[in-house]
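Structure first, then comments.
The values are calculated or read from the model by the stated rules, or taken from the named source; none is laboratory data. Quantities reported herein were computed from a predicted structural model and do not represent experimental measurements. Note: ideal-geometry Cβ built from the backbone for every residue, glycine included; neighbour counts use all protein chains shown. All accessible areas refer to the heavy atoms of the entire protein, side chains included, with ligands and DNA or RNA removed. Shrake-Rupley method; radii C 1.70, N 1.55, O 1.52, S 1.80 Å.
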Amino acid sequence: SKFTASGKGQDTLRLWNAATRQMVAELTLDGLCEGVAFAQDGRTLVTSSGRGYITIWRIPEGAKLTSYPSEQRSGLAPATGFAATSDLGLAAYGTESSRVHVMDLHDGKELWSAVASKLYITALAFSPDGKTLASAAGFGESDIRLWDVATGKEIGRLEGHKGWVGSLVFWPDGRKLASSSADQTIRI
């Protein structure tokens, strides 16, 4: 966040060229950044803001392509309750009502939502093929739920962590999932 001449806070996301270490764009967001994901081609990215907007940007110029309202307003600092498919066709986000929502990023329509937690959604990840969504809950539970993206049905649970899960990452082949937890372990 930075402050404008009027004293109002403004939230920004900065894009950097990793090779030159130069900033290439600064995007003005509609609130605190709750999540960001690059398209596989590296030419677009999607952001989710704490004031409830999912926005698609063309990069590196930082042009706003479209923005859709969402119900995400969590503000949970350690949580990563946002994910997008590598083609930026779908996004998933968690809400304070313990629900996971899946949205079509072509038209902003919600495809489905489901109760995925007793309290909060703390991590989300799509499989590389976009067919499976993994969700983790916290802070009162530690199971990881697997969802069929096409139907919104829960298709499995992974148990074993003894604390809330803060991060989920699928292997490139989609056959393994890594999770990190407040219990100080990483599981595969």
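Based only on Cα atoms, what Rg/Rh ratio does the stretch 36-183 have, Rh being taken as Kirkwood's radius? With Rg and the Kirkwood Rh in hand, the quotient comes to 0.95.
When Glu96, Glu110, Glu159 are compared by accessible surface with a 1.4 Å probe, the order from highest to lowest is Glu159, Glu96, Glu110.
Among 119-126, 53-60, 21-28, the peptide with the highest mean count of other Cβ atoms within 10 Å heads the list, and the full ranking is 119-126, 53-60, 21-28.
Residue ranges 103-109, 163-169 sort as 163-169, 103-109 when ordered by packing (mean number of other C-beta atoms within 10 Å per residue, highest first). Of the residues Ala18, Ala114, Ala37, the one that moves most in a GNM of the chain with alpha-carbon contacts below 10 Å is Ala18. The share of accessible area on the stretch 31-172 that comes from carbon and sulfur is 52 percent, using a 1.4 angstrom probe.
With a probe of 1.4 Å, find how much accessible area the chain has per residue, and write the answer as a whole number in Å². Here the per-residue accessible area is 53 Å². Per-residue accessible area (protein heavy atoms, 1.4 Å probe) orders Glu71, Glu154, Glu141 as Glu71, Glu154, Glu141, starting from the largest.
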